[in-house]
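The values are calculated or read from the model by the stated rules, or taken from the named source; none is laboratory data. In this text the structure is predicted, and so the values were computed from the model without any measurement. Cβ coordinates were reconstructed from backbone atoms using ideal geometry, including for glycine residues, and neighbour counts include every protein chain displayed. Side chains included, ligands, DNA and RNA excluded: accessible areas come from the protein's heavy atoms. Shrake-Rupley method; radii C 1.70, N 1.55, O 1.52, S 1.80 Å.
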Amino acid sequence: MRTFKITSWKSSSLWLIGLMLVLVLWQQKPVEAQPQPAEILAIYFTPPVGAQQGLIKQIDQAKKSIRVMAYGFTQPELAQALVKAKKRGVLVELIQDDKSANNNREALEPLFLAGIEIRSDGEHAIFHNKVMLIDDDIVITGSYNFTKSAEKRNAENIVIFRSAYAARRYAENWATHWQHAEKMTILPPPKKK
C-alpha cells in the first residue's frame, strides 16, 4: 500500500507540474508577425561591387538617426559616411561583435574620434547581426557584413526597405542588445600583422 501512495504522489506531482507548465506557456504570448506593407528601396548582390555605394547613399540621406548592428565593420568608406552624418547632427550609434573588435579597429577609429558611441556585445556566441536602422522607418539587412571582403570578394546580399513596423521591431531588438552591450571607452589594440 505504501508503494501505491508513493507512486500516486509522484504521478500527482508530475501531473501538477505538467499542468503548471502548460499554464505558464499558455500565458506567454509569442511574438506574432502580422503582414505589413513595405516599400523595397533597393536590393544589392555582390559581386559585382556597388552595395557599399547603396549603403552610403542611405547614410547620406539620413536626417535623425542611424543605428548599426555589425558583426564585422571594416569599411573605412562606411565609417567616413557615418562620421559625416554625425557632423550633420544625425544620431549615430553602433553595436559590434565583441570578438570582432580587434578586426574592426581601423574602421572604428574615425567613429570613436568623432564621438560616436560604440558598444561591444559579448553576450552571445557571436553577435551576427548586419543591420542599419535609419530614421525609424528604413531597415537595411542581409548577409552583407560591413566589410571590405563583403564588397569585393564574398557573395552577399542586402535589402533596403521602408517599413515603420519592421523598423520598430528591429529597433526593439537593437535596444535589447544596446542595454547589455558594453560601451567602448578605448580603441582595441591594433591587429597583429
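One table, with the values for the structure above:
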read-out	value
Any hit, region 68-86, residues being over 15 Å from ILE56 (Cα atoms), charged (D, E, K, R) and either open to solvent by 60 Å² or more (accessible area, probe 1.4 Å) or touching a residue at least 40 places away in the same chain (Cβ under 8 Å) (or both)	no
Residues of region 54-67 satisfying the condition of being touching a helix residue (DSSP H, G or I) at 6+ places or on another chain (Cβ under 6 Å), under 13 Å from ASP136 (Cα atoms) and open to solvent by 10 Å² or more (accessible area, probe 1.4 Å)	ARG67
Sole residue being hydrophobic (A, V, I, L, M, F, W, C) and either at pLDDT 95 or above or surrounded by 10 or more Cβ atoms within 10 Å (Cβ to Cβ) (or both), chosen from VAL24, VAL49	VAL49
2 or more residues open to solvent by 40 Å² or more (accessible area, probe 1.4 Å), in contact with an Asp or Glu (Cβ under 6 Å, 6 or more places away or on another chain) and of a type in the set (Ser, Thr, Tyr): qualifying strands (runs of 3 or more DSSP E) within region 93-193	none
